[in-house]
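First comes the structure, then the notes that go with it.
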Amino acid sequence: MYKNFLETQKTALIVYAHPEPKSFNGALRDTAVKTLTAQGYNVLVSDLYAQHFQPVLSKTDIIGELENPKHFIYPNEIGAAYKKDSLCFDIKQEIDKLQRADLVIFQFPIQWASVPAILKGWFERVLIKDFAFSFPQMLDEGLLKGKKAVLSFTTGSPGGMYTPNGLLGDLNVILWPIQYCTLRFCGFDVLKPQCSFSPTYADDKQREQMLNAWGTRLKNILTEEPLIFPSLSNFDAHKWFVMSDNYQEEQKNKENGPSVGHHMGKKMPL
């Protein structure tokens, strides 16, 4: 019976990128840990600041001899090291967590319209060639397909500033490099983001509502439909992965483009 439980138990990984445990990001992390644990998940946390996670690419990421000591090409060397099981300890540790995870939550504050540098370094050092993707195993054929990912983040500015008419522009455009070019590229089913706008300027009741909304959502998060992106099959490998003629013809008479980044000169999808 216990064996059957372990085989069916879901695992969630929270990649947490904030230096202050008592921050609102910390409260969102704690809400996720509490809610998912109560739902029967095995919850893993990568607290990047507490772990002193190294965000900079380096030759020391590889243990032993390089494939080409005369010309260090990181993607090639790190992919070869993964295959030979010669990665440094901290990368191996994060890959092990990620391999076990059914759901990955990235908890962070938006900084300069992106993720904090320490989380960007996690993407670069953990989502490596031949583990997370290869060519042509990407997008819906990515090596991490079957796993779900969600961005949960806070902002310093109010939500209205992240609209098409707001000072900072459409939030979907800001998130495109993360949700599509990083997570979907590696095969994740990307769920809609959890946006906690400007908690610093919210009162206690509003912050409590944000936490409750996140906790409520997490109870059924694996049943959510992921965001829709074009399939790898919509791109022509013989033309260096430009949209195929057939796919462009299919989209020609549609009012909206197929995705934020593939708007094709039309309105972006809703």
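Structure above, values below:
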| quantity | calculated |
| --- | --- |
| Residue list for the range 218-270, restricted to those being closer than 30 Å to residue 37 by Cα, part of a loop (DSSP other than H, G, I, E, B) and open to solvent by 50 Å² or more (accessible area, probe 1.4 Å) | 219, 220, 225, 227, 228 |
| Every pair of residues 6+ apart whose Cβ atoms lie under 7 Å, when the first sits in the range 32-61 and is closer than 24 Å to residue 218 by Cα while the second is of a type in the set (Asp, Glu) and at pLDDT 95 or above | 46/94 |
| Matching residues, the range 101-138, being open to solvent by 10 Å² or more (accessible area, probe 1.4 Å) and either charged (D, E, K, R) or outside any loop (DSSP other than H, G, I, E, B) (or both) | 102, 109, 111, 114, 117, 118, 120, 123, 124, 129, 130, 133 |
| Filter result for residue 166 (open to solvent by less than 30 Å² (accessible area, probe 1.4 Å) and either farther than 21 Å from residue 25 by Cβ or modelled with pLDDT under 95 (or both)) | yes |
| Candidate set: the range 81-100, residues that are without any contact (Cβ under 8 Å) to a residue 60 or more places away in the chain, in a helix (DSSP H, G or I) and surrounded by fewer than 18 Cβ atoms within 10 Å (Cβ to Cβ); chosen: the one farthest from the chain's Cα centre (by Cα) | 84 |
| Residue pairs meeting the criteria (Cβ under 8 Å; at least 6 apart or on separate chains; first closer than 10 Å to residue 50 by Cα, in the range 9-23; second of a type in the set (A, V, I, L, M, F, W, C) and open to solvent by less than 10 Å² (accessible area, probe 1.4 Å)) | 16/48; 16/108; 17/48; 17/106; 17/108; 17/119; 17/122; 18/108 |
| Any hit, the range 140-152, residues being closer than 21 Å to residue 87 by Cβ and either acidic (Asp, Glu) or in contact with an Asp or Glu (Cβ under 6 Å, 6 or more places away or on another chain) (or both) | no |
| Single residue of 188, 229, 197 found to be over 30 Å from residue 99 (Cβ atoms) and touching a residue at least 40 places away in the same chain (Cβ under 8 Å) | 197 |
| Pick from the range 30-88, criterion touching a Cys at 6+ places or on another chain (Cβ under 8 Å) and of a type outside the set (Asp, Glu), ranking: farthest from residue 122 (Cα to Cα) | 63 |
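The values are calculated or read from the model by the stated rules, or taken from the named source; none is laboratory data. This is a predicted model, so every value here is computed, not measured. Virtual Cβ from ideal backbone geometry, glycine too; neighbours counted across all protein chains shown. Just the protein is used for accessible areas: all its heavy atoms, side chains included, with ligands, DNA and RNA removed. Shrake-Rupley method; radii C 1.70, N 1.55, O 1.52, S 1.80 Å.
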